[in-house]
Amino acid sequence: MKSDQFKKMLAATCLFLLSMVWLFFTQSEVGDEPLFFGRWRTRHFGVTLIGCWILVAMAFSFLSRAAVFRFVLVSVGLGFTVFLLEILGLAGVVNYRQLLRVAPSGGLGSAPTAMLELEGLTYEDLASSWGYPTEAMPFYFKTDRYGLRNHQDRANADIYLLGDSILVAGMLPFEKVVASLLEQDLNRSVMNVALISISPQREVELLKETGLPLENRILLHFIFEGNDMKDSFEWRAKADGTALELSRFERTLTYNALIRLQRATSPPTTPQRRIGRLGGIDYLFGWTRSSFEPYHAELAFIAATLQDLAKNMAEAGGTYGVVFVPSKIRVIGPSCTWPETSSLDGYEEHVSPMRTWLADWAQEQGIPLLDTTDPLLLSTASGHIPWYPGDTHLNAIGHRVMADAIRGWTIFTPMSDTQETP
C-alpha cells in the first residue's frame with residue numbers, strides 16, 4: 001500500500017516538474033507592455049494559473065480521495081472569499097485601485113496648493129517608472145498664493161506663461177526655469193500659470209480660475225507636442241461625460257491584484273525598446289507614436305481653444321502668442337544611434353504632425369507662433385543636450401535655449417511699461 005502511494009506521489013511530482021519546465025520555456029511575444037515575470041501577458045498568465053491549478057489537482061488525485069476533497073474544499077473556500085471581496089469592490093465599499101496603488105497619483109504640482117514649500121529627492125520619470133538606473137536629484141518646490149510654482153508671490157505680472165509640466169519643471173531649481181530666466185533677461189515680471197499633466201483646455205480654465213488681469217499683459221501659451229493631444233482627448237471625454245470610466249472588471253480585486261503583480265514582477269524590458277544613444281549616454285523616449293496617432297482629431301479642438309483664448313486676450317487689451325515645444329524624439333532622435341533592442345530606429349514615425357499643422361493654422365489665423373524646434377536642434381547638434389536622459393522634460397539647457405528664443409521674439413516689441421501689482 002505504501003509502495004503504491006509512493007509511486008503515485010513520485011508520478012505527481014514528476015508531472016508537476018515537467019509542467020513547470022514547459023511553462024518556463026514558453027513565453028508571450030515581447031512588446032512594450034509589462035509581462036508577468038518577464039514572460040507572460042495577462043491572458044497568457046491567466047491560462048498559466050489555471051493550468052497550474054489543474055496540475056495540482058491531478059497531483060492530489062494520485063494520493064487519495066480525501067486529499068482531493070480537501071483540495072477542492074480549500075479551493076472553494078478561497079473562491080468564496082474572493083467573491084465576497086469582489087462584491088465589496090463592485091459595491092464601491094473598497095477601492096482596490098487605490099488600496100493596491102494601481103491608480104496613478106497626481107504628483108506634486110498636479111493641483112494648486114497655495115503657499116507650499118517642500119524639498120526632497122526625486123528621480124527622472126521614465127528611468128524611475130521603467131526600472132532603469134537613475135540617481136536621486138534634490139528638488140525645492142515653492143508655490144504662490146494661487147498654488148502655482150512661482151518663488152515670488154505676486155498678485156499678477158507683466159508676462160504670464162501658460163502651460164503644463166514643461167513650465168513647472170519640478171526637478172530644476174526655479175532660477176533655471178524659463179519663467180525666471182525671462183524675468184532676468186527682459187527685466188519684466190513673469191509668472192507661471194501651469195500645472196502638471198493638464199490639457200490646453202484645462203490650462204485656459206486655470207487662467208480663468210486665477211482671475212489674473214489681462215489688460216496690457218502678454219500671455220504666452222506653451223503647447224507641448226509630447227502629450228497635449230492625448231491630454232486634450234481625455235479632457236474632452238471628461239467634459240462630455242464620456243470619460244473613460246472604469247469598467248466593473250477594472251474595479252475588481254482580481255484585476256487590480258494581477259496588475260500589481262505584473263508591475264512587481266516585470267523586468268525593465270521597455271527601456272531597451274525605447275533607447276537611443278548619444279555621446280555614449282542612453283536616452284529614454286516616452287512620448288512616441290501611441291501618444292498622438294489615435295488623437296489626430298484633437299488638433300482641431302486644440303486650435304479652437306487657442307483661437308478663443310486669443311480672442312479673449314484681444315478683447316481684454318492683452319497680447320497673446322503660442323510657443324510650440326517639440327517632443328524629445330523630434331529634437332534628439334536625428335542625432336541618436338539605435339541599439340538592436342530599440343524599436344525606435346525609424347524615429348520619424350514617432351514624430352507627430354502637430355508642428356506643421358500648428359504653423360499652418362497660426363499663419364492662417366494671424367496668431368503669433370514661436371517654434372522652439374530649431375534652436376533646440378542646434379543645441380543638440382552642438383553637444384548641449386536639452387533633455388534629461390531618463391526623463392520626458394527639458395533640463396536646464398533646454399530652458400535656457402527656450403528663454404533665449406523667446407527673448408528675441410518680436411511679440412515683446414509693443415510691451416507697455418506696466419509693472420506688477422505687489
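Where a number appears in this text, it was derived from the coordinates with a stated rule and is not lab data. Bear in mind that the values here come from a model prediction, so they are computed numbers and not experimental data.
Below is a table of values for the structure above.
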quantity	calculated
Segment 332-399 - convex hull of the alpha-carbon atoms, volume per residue in Å³	103 Å³
Under-5 Å amide H pairs with residue 320, H placed in peptide plane, nonlocal only	219
Under the Karplus curve 6.51 cos²θ - 1.76 cosθ + 1.60, θ = phi - 60°, whole-Hz ³J(HN,Hα) for segment 79-85, x wherever Gly or Pro sits	x, 5, 4, 4, 4, 5, 5
Calculated from backbone phi, Karplus (6.51, -1.76, 1.60) coupling profile of segment 360-365 in Hz, x at Gly/Pro	5, 5, 5, 5, 5, 8
Other-chain or far-sequence residues with amide H under 5 Å of residue 371's (modelled H)	324
Links that overshoot a 22 Å alpha carbon limit, given the list 142/230; 142/238; 176/208; 142/176	142/230; 142/238; 176/208
Centre separation in Å (Cα based) which lies between segment 356-415 and segment 275-309	15 Å
